[in-house]
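The next block holds one structure in the form of structure tokens; read it before the comments.
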Amino acid sequence: MIRIWAKVMKKDKILKQFMFEKEGSIDYSEFFDYLREICENLDIATPVLIKTHLFNYAKYNNVRFTKSDFIEPISFDRLVLENCSL
């Protein structure tokens, strides 16, 4: 089962959070779809996803999206996705 804990952070405080869950194992070719669904549930813009983000998630079990990863202006400091499937 895929479990990703998403946190919208501002000054080290959690403003919003969402636990994404899906049956099966993670498929990195579908990671943008996971990210899009997470952002829709949190009611925030979807950030740009690049290879570095995927590598960080795969290697360190988390990834951080900062203001520079978003095209639209955001009212928070970062979006953090943590792998909770372990």
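What the table shows:
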item	result
Test set (1) within 16 Å of CYS84 (Cβ to Cβ); (2) open to solvent by less than 80 Å² (accessible area, probe 1.4 Å); (3) not acidic (Asp, Glu) - ASN41 fails condition number	(2)
Selected residue (only one of ASP12, ASP77 is modelled with pLDDT of 95 or more and among the acidic types (Asp, Glu))	ASP77
Scope the range 15-26; condition surrounded by 11 or more Cβ atoms within 10 Å (Cβ to Cβ) and either over 19 Å from GLU40 (Cβ atoms) or β-branched (Val, Ile, Thr) (or both); matching residues	ILE26
Matching strands (runs of 3 or more DSSP E) fully within the chain where at least 3 residues are in contact (Cβ under 8 Å) with a residue 24 or more places away in the chain and touching an Asp or Glu at 6+ places or on another chain (Cβ under 7 Å)	2-10
Filter result for ARG36 (among the basic types (Lys, Arg), open to solvent by less than 90 Å² (accessible area, probe 1.4 Å) and modelled with pLDDT of 95 or more)	no
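The values are calculated or read from the model by the stated rules, or taken from the named source; none is laboratory data. The structure presented is a predicted model; accordingly, all values stated were derived computationally and were not measured. Note: ideal-geometry Cβ built from the backbone for every residue, glycine included; neighbour counts use all protein chains shown. Note: accessible area is taken over every heavy atom of the protein model, side chains too, but ligands, DNA and RNA are not part of it. Shrake-Rupley method; radii C 1.70, N 1.55, O 1.52, S 1.80 Å.
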